[in-house]
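Some notes on the structure that comes next.
The values are calculated or read from the model by the stated rules, or taken from the named source; none is laboratory data. All of these numbers come straight from a predicted model, not from anything done at the bench. Heads up, the Cβs are rebuilt from the backbone with ideal geometry, glycines too, and the neighbour counts pull from every protein chain shown. When the accessible area is computed, the model is the full protein with side chains, heavy atoms only, and any ligands, DNA or RNA have been set aside. Shrake-Rupley method; radii C 1.70, N 1.55, O 1.52, S 1.80 Å.
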Amino acid sequence: MAGEKRKLYLGPKVRRLRRERAMTQAQFAAALDISPSYVNLIERNQRPISAALLVRLAQTLDLDLADFSDDRTDDLFATLQRAFTDPVFAGAGLSREDAHELAAGNPTVGDAFALLYNAYRTAKADLDDAQAAGPRGAPDPVEEARGFIADHRNFFPPLDEAGEALAARLELPTRPAFEALADRLQRAHRLSVRVFPDDVMRGAYRRFDRHAGRIAISERLDQASRNFQLAHQLCLLEQQTALDRLVNEARFETDAGRRITRAALANYAAAALLLPYTAVFEAARSLRFDVEAMSRRFGASFEQICHRLATLQKPGAEGPPFFFLRVDAAGNISKRFSGGVFPFARYGGSCPLWNVHDAFRTPRRIVTQIVQLPDGARYFSIARTVSGGVGGFGAPSAERAVALGCDIAQAKQLVYADGLDLDAAPATPIGVTCRLCERPDCAARAHPPLKRRLVMDDHRRLAAPFSFAFD
């Protein structure tokens, strides 16, 4: 019924809170002035929690009422509901009610199931994509690095902790970053920092001359890029042990894959220093993930903020699981992170119907889109162009577009979704990549689907360039 208040069942959460405090049900009941049997019923989700008891529980355990919000349950329910409709579970008899019961009654198991399902989807897309690409040759070091990042969900706590600690010592982000970083390099490492014209740098963005005790930065870089180059060099000097430990714990088929991964981790460390986790997380929540507003607050680029938002996976302070993509005008993907929610293809480009490609038509303007994959999963994404290279008239520049997105269930947290009916708004049907997409009526299709038989008909021409059978 419309307007009817939902009963609040928090059994697993209450049980976890009690156990974390090493309290028996009798001790817990005494602290709340209720009977042990009532505590038992609450923990088994056989009794809801009243508003009065919820307030008493928060006061007794010194918690914020927001900690009991059921938004997380709603998000998990949406994920499980989508998973249960996958054809792989066709014979299991799973229902919408089963998804809600698991999300509300045992969210820990629900999270594990969702994680396993997302891993299955990604692995399936990778397998199908590898078949489409044909026999593999030598190991791809770039894909090795991407696989390592994906396996860690683009979250590396040791680097975040080190970055946040150093940022606090340098009074970042309230102090000008370039000044603070240059001062640290001088005091701790006896390295001077100088900005040189392009003819001196000879095309380099940054050059470290250990013998001369100097770090040279190109004047062609904008301020955000200068800051990042200094932070990157500082992290290479001060977090060498942590970077080596992370890559040495993994197994790489190629030395190039290991080196690319280490460079990616150094970039992560630099972002963790310039954009400290807690400050970014709090700003993201208060600004509702307004990327441009966050760029101004932290003196960072649009791309740097998007990339950092895709790393907010700290337990207890998680942001929405974002996926992130960077492409050029030809559709080549130079950065890609699935966030555990979007099944990117490992080989080939992205769907041309995705608005990340349309962003080139309206440079520097944010475009939004709701998209739907063939399995019914819906996502909300934003896209905008960004410029690479260096500034100056006639200087080479690379215009790219970045996309940041999340599951539709999480989109209400983003300022970009204001005014949209996320449940009823139409979604653009897209695929992971043409060879894996089996939509029969797509005029943008570039390749026939891998697993379908082509049908050639000389007497009929459809909008789609290929016709295929589903038998």
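Summed over region 289-321, the residues that are part of a helix (DSSP H, G or I) and either closer than 16 Å to T385 by Cα or in contact with a Cys (Cβ under 7 Å, 6 or more places away or on another chain) (or both) give a count of 9.
P363 meets all of the listed conditions (1) touching a Ser or Thr at 6+ places or on another chain (Cβ under 6 Å); (2) open to solvent by less than 20 Å² (accessible area, probe 1.4 Å); (3) over 21 Å from C434 (Cα atoms) but one, namely (2).
The residues of region 165-177 that are in a helix (DSSP H, G or I) and open to solvent by 50 Å² or more (accessible area, probe 1.4 Å), listed by number, are A168, R169. A count restricted to region 424-439 and to residues that are at pLDDT 80 or above and either in contact with a helix residue (DSSP H, G or I) (Cβ under 7 Å, 6 or more places away or on another chain) or more than 26 Å from C406 (Cα to Cα) (or both) stands at 2.
Taking R207, is it open to solvent by 50 Å² or more (accessible area, probe 1.4 Å) and under 27 Å from L246 (Cα atoms)? Yes, satisfied. Does A145 count as assigned to a helix (DSSP H, G or I), more than 22 Å from G376 (Cβ to Cβ) and either modelled with pLDDT under 90 or touching a Ser or Thr at 6+ places or on another chain (Cβ under 9 Å) (or both)? Yes: the conditions hold for A145.
Among the conditions (1) in contact (Cβ under 8 Å) with a residue 40 or more places away in the chain; (2) in contact with a Lys or Arg (Cβ under 8 Å, 6 or more places away or on another chain), F281 misses just one, which is (1).
Applying a threshold of 7 Å to beta carbon distances and a minimum spacing of six or more residues, or different chains, the list of pairs starting in region 400-420 at a residue that is in contact (Cβ under 8 Å) with a residue 12 or more places away in the chain and ending at one that is among the basic types (K, R) reads R400/R326; A401/R384; V402/R326; V402/R384; I408/R378; Q413/R288; L414/R288; V415/R288. Listed conditions (1) aromatic (F, W, Y); (2) outside any helix (DSSP H, G or I); (3) within 23 Å of R146 (Cβ to Cβ) are all met by F228, apart from (2). Among the residues making up region 182-204, those that are part of a helix (DSSP H, G or I), open to solvent by 20 Å² or more (accessible area, probe 1.4 Å) and under 26 Å from A162 (Cα atoms) are A182, D183, R184, Q186, R187, A188, H189.
Residues checked against (1) in contact with a helix residue (DSSP H, G or I) (Cβ under 8 Å, 6 or more places away or on another chain); (2) over 25 Å from G405 (Cβ atoms); (3) without any contact (Cβ under 8 Å) to a residue 40 or more places away in the chain:
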{"position": "H211", "(1), (2), (3)": "no, yes, yes"}
{"position": "R214", "(1), (2), (3)": "no, yes, yes"}
{"position": "R226", "(1), (2), (3)": "yes, yes, no"}
{"position": "L237", "(1), (2), (3)": "yes, yes, no"}
{"position": "T254", "(1), (2), (3)": "yes, yes, no"}
{"position": "N267", "(1), (2), (3)": "yes, no, yes"}
{"position": "L273", "(1), (2), (3)": "yes, yes, no"}
{"position": "Y277", "(1), (2), (3)": "yes, no, no"}
{"position": "R296", "(1), (2), (3)": "no, no, yes"}
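Being in a loop (DSSP other than H, G, I, E, B) and open to solvent by 30 Å² or more (accessible area, probe 1.4 Å) is not true of P449. Residues in region 10-38 that are of a type outside the set (K, R) and touching a residue at least 24 places away in the same chain (Cβ under 8 Å) were compared, and the one that is surrounded by the fewest Cβ atoms within 10 Å (Cβ to Cβ) is A31.
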